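Every number here is computed from the coordinates shown, using simple stated rules; none is lab data. Predicted model only: the values in this text are computed from it and were never measured. Cβ atoms come from the backbone with ideal geometry, glycine included; neighbour counts cover every protein chain shown.
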Amino acid sequence: GSISEEDLLKAACSQNADLYEVAYRQAEEEFQKASRQVAALEEETVKALTGESQLDLSVVNGMLLKHRAKLEECQRAMEEAKAKKEAEAENNKAAQAQVKEMLTWVERYDKASVEAKHMIIAALVDRIEIGENYEVHIQFKVSAEQFIRQTA
């Protein structure tokens, strides 16, 4: 049976996209949490300065330094996760474009004359071997990578 265009496009898209999306959301949540903690400590610093806080100013400042460092770390992790997610989206977009281009080649091949089909096969295939149990081995003149690079 043949594979539908939708199935080919799904297969071309990396499963990593969902994982990168989840990782980004988690990193974003961690960043938001750290941001709220820093804001609360900054508020507590103001209270300590005005004498409204039970905590000592040096304790609050020490905690604030630690939490700001954590906030910066969370921001770097979030930016890294976002970059990976966006790179994966670009890779998926390129893979989908290649699948669509391949489908147009399939369509053109199907509509080609018998002579044109023979010429196409002769240009791409070096050798076809049929082994035991009708096992087919096709040796191409170009690798898939070379073929994709030439058509891109």
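Its relative contact order, with pairs defined as Cα atoms under 8 Å and 6+ residues apart, puts segment 1-77 at 36 percent.
Note on segment 1-93: dipole from Cβ charges, positive end direction compared against Leu71, Gln32, Ile3; the farthest Cα belongs to Leu71.
Over the chain, what is the relative contact order in percent, taking alpha-carbon pairs closer than 8 angstrom and at least six residues apart?
Working: 97 pairs, mean separation 39.8, N = 152.
Over the chain, the number comes to 26 percent.
Compute the whole-percent fraction of alpha carbon pairs in the chain spaced more than 26 Å apart. Please report the intermediate quantities before stating the final value.
Details: 6661 of 11476 pairs.
That tail contains 58 percent of the Cα-Cα pairs.
Loop-resident GluC sites (Glu not before Pro) (DSSP state other than H, G, I, E or B) in segment 34-138 with no more than 11 further Cβ atoms inside 10 Å of their Cβ: Glu52, Glu135.
FRET efficiency for Glu29 and Val106, Cβ-Cβ distance as r, R0 = 41 Å, nearest 0.05?
Numbers: r = 44 Å, r/R0 = 1.07.
The value I calculate is 0.40.
Between Leu55 and Val22, the simple label model (points 7 Å from Cα in the Cβ direction) yields a spacing of 3.4 nm.
In the chain, helices alone account for a calculated mean residue ellipticity at 222 nm of -27000 deg cm²/dmol, with every DSSP H run of four or more residues adding -39,500 (n - 2.57).
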